[in-house]
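Everything below concerns the one structure shown next.
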Amino acid sequence: MTIISIEDAGKYEGQEATIRGWLYNLRESGKLMFPIFRDGTGIIQGVCALKENPEAFEALKGLTQESSVIVTGKIRAEQRAPGGFEMGVSKIQVLQKVSEAQPYPIQLKEHGVDFLLDHRHLWIRTPRQASILRIRAEAIRAARNFMDSQGYILTDAPMFTPAACEGTSTLFEVNYIDDQKAYLTQSGQLYIEATAMALGKVYTFGPTFRAEKSKTRRHLTEFWMLEPEAAYAELGDMMNLAEGLVSAVVQSVLKNKSREVELLKRDTKKLEKVKPPFPRISYEEAIGILNKHNNPTKFGDDIGGDEETIVSNEFDRPVMVHRYPASIKAFYMQPDPERPDLALAFDMLAPEGYGEIIGGSQRIHDYDLLVKRLHEYKLPEEPFQWYLDLRRYGSVPHAGFGLGLERTVAWICGTEHIREVIPFPRMIYRVYP
RNA sequence: UCCCCGGUAGCUCAAUGGUAGAGCGUUCGGCUGUUAACCGAAAUGUUGGAAGUUCGAAUCUUCCCCGGGGAGCCA
């Protein structure tokens, strides 16, 4: 018997086929039953009549949600069935029946956030969550494809680091070997600056960790970041790369995961517009927009969540804000030669209030200036000696950025919270399951 | 660290200081085209914890615990 996946069921219309999966729901109607099966690729309705298949009917009767089953039957087009196809069940093998005493906890109805997060290992079985995880996978595939196509080499950064990239208050400290202290990485940036000097154009993609005490829909303590870095690149080069990357990811998801996007009921019209060029405005122009909307932000203030939304609502695609005051940015950012009080940095703000998905900058390549900045930011010189070496031995202008994967996928999926777009979210005060 | 909201049946929620309830899920029964099916019946409670006010507290007060949203910080 041909084993098929539910997403391909339409191709087997009129044929007998076998599906290996789980019982998603069961509607009983006297001598007729409508089981719904899922197999990880989709859901399909089955039909089973007592008169035609008494054995299968008996096996299905009273079967509990999420029981594992192997079912065989004829696939047929049926307008009354969700999805347009259904299976006339002729044979069913129950691998495990879920106990009535401990029924599957997640019902086909609304649940609270706390309950769902405590059952995240089961929650991911629901069609919506499974679709989101498929879109995440597509976003990663598309992002890596794009970077590879641009000649960027994947160079992995370490998870254990001896010091902070930016400040020390939000680091996870771990005991390394022989009572040495180490920290979980907040960013691979410093390391890919080194690999960029070795290989030219590089990127890293992996988890990063921040012990920020943030409890918002935009924060995770463990999140994935894609960070490109290129030797001889300047700020404008990175903005070009960033808009190319983001549009490639969005367009790939629309093209290759249309079924999943549709299941999420995402308004794709807004996503279809996400193509270069993206608008670029300076920090000072952003302040102007805010003041126009009666927001009191002034030069030198950081742009917070509400402010990001006001600015991004002016545009129909992601907007890049560049040249922030150096005083509110990280120590390693290159000053604008024409305005030394500004840093050659940029953020990309996603539309619809999803906020910052990219932060990047040109890096300081001058040794003396970098040392001066380390002192100004009260950072110790010693752990950064290797980093200073990059400015001792053939230093060149270079630039890069970091793309927050979960924020990007949350925006593409239109989810309310980024915890839904990672299989097992890690948040402040929540590490189970 | 700070501000706001919440915690009642397995789940989602009601209950104006006066007998703790409904829907879903579970169990039993009915139904040959259901769409989170429907109809009938049953079982299910330390109202997050402690103390206080009161004749009487799920409800009011204080403290603690847990969760959610946000600020700061950031992707």
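The values are calculated or read from the model by the stated rules, or taken from the named source; none is laboratory data. Values in this document were obtained by computation on a predicted structure and should not be read as measured data. Here the Cβ positions follow ideal geometry from the backbone for every residue, glycine too, while neighbour counts run over all protein chains shown. Heavy atoms of the whole protein, side chains included, go into the accessibility calculation; ligands, DNA and RNA do not. Shrake-Rupley method; radii C 1.70, N 1.55, O 1.52, S 1.80 Å.
Only the Cβ atoms of Lys and Arg (+1) and of Asp and Glu (-1) were treated as charged; on that basis the dipole of the stretch A:212-340 about its Cα centre amounts to roughly 660 debye. In chain A, Rg over Rh equals 1.07, where Rg is the alpha-carbon radius of gyration and Rh the Kirkwood radius from pairwise Cα distances.
Taken one residue at a time, the phi angles of the stretch A:405-414 give Karplus couplings (6.51, -1.76, 1.60, θ = phi - 60°) of 4, 5, 5, 5, 5, 4, 5, 4, 7, x Hz. Gly and Pro are set to x.
Which percent of the accessible area of chain A is formed by carbon and sulfur heavy atoms (probe 1.4 angstrom)? Its accessible area is 50 percent carbon and sulfur atoms. Put simply, the stretch A:170-267 fits an ellipsoid with semi-axes of 30, 23, 11 Å; these come from the alpha carbon gyration tensor as the roots of five times its eigenvalues, largest first. Check A:THR221: other-chain or 5+ apart residues with amide H under 5 Å from its amide H, H built from backbone geometry? Close amide H contacts, sequence-distant or interchain: A:ARG426, A:MET427, A:ILE428. Computed from point charges on the beta carbon alone (+1 for Lys and Arg, -1 for Asp and Glu), the dipole magnitude for chain A about its Cα centre is near 1480 Debye.
In the stretch A:250-289, the alpha-carbon atoms span a convex hull of 91 Å³ per residue. Ordering A:LEU370, A:THR195, A:SER247 by Cα displacement along the dipole of chain A toward the positive end leaves A:SER247 in first place; charges were set at the Cβ atoms of Lys, Arg (+1) and Asp, Glu (-1).
For chain A, set up a Gaussian network in which alpha carbons nearer than 10 Å are linked by springs, and say which option among A:ILE328, A:ILE303, A:ILE140 fluctuates the most. Answer for the Gaussian network model of chain A: A:ILE328. Taking every C-alpha pair closer than 8 Å and separated by at least 6 residues, the mean separation divided by the residue count of the stretch A:121-421 gives a relative contact order of 20 percent.
Phi angles across the stretch A:13-22 convert, under the Karplus curve 6.51 cos²θ - 1.76 cosθ + 1.60 with θ = phi - 60°, into 3J(HN,Hα) values of 4, x, 10, 6, 8, 10, 10, 10, x, 9 Hz, Gly and Pro given as x.
Over 18 Å apart at the Cα level, from the set A:LYS329/A:LYS372; A:LYS31/A:LYS61; A:LYS201/A:LYS273; A:LYS31/A:LYS91; A:LYS181/A:LYS213; A:LYS298/A:LYS372, are A:LYS201/A:LYS273; A:LYS181/A:LYS213; A:LYS298/A:LYS372.
Across the options A:TYR393, A:PRO423, A:GLY404, the greatest Cα extent toward the positive end of the charge dipole of the stretch A:391-433 (unit charges at beta carbon of Lys, Arg, Asp, Glu) belongs to A:TYR393. Simple point charges give the picture: +1 on the Cβ of Lys and Arg, -1 on the Cβ of Asp and Glu, and for the stretch A:6-96 a dipole about the Cα centre of about 160 debye. Descending by average beta-carbon neighbour count within 10 Å, the peptides A:214-224, A:270-280 line up as A:214-224, A:270-280, the highest first. Looking at chain A, the accessible area is 48 square angstrom per residue; that uses a 1.4 Å probe and ignores ligands, DNA and RNA. Annotation: amide H-H contacts under 5 Å for A:ALA343 (H modelled 1.01 Å from N, sequence separation of 5 or more, or interchain): A:TYR324, A:ALA326, A:ASP336.
Mind listing the long-range amide H neighbours of A:SER282? Cut-off is under 5 Å, sequence gap 5 or more, other chains count too, H placed in the peptide plane at 1.01 Å from N. Here A:HIS322 satisfy the definition. Each of A:SER67, A:TRP123, A:PRO54 was placed along the dipole of the stretch A:1-133 (beta-carbon charges, centred on the mean Cα), and the one lying farthest toward the positive end is A:PRO54.
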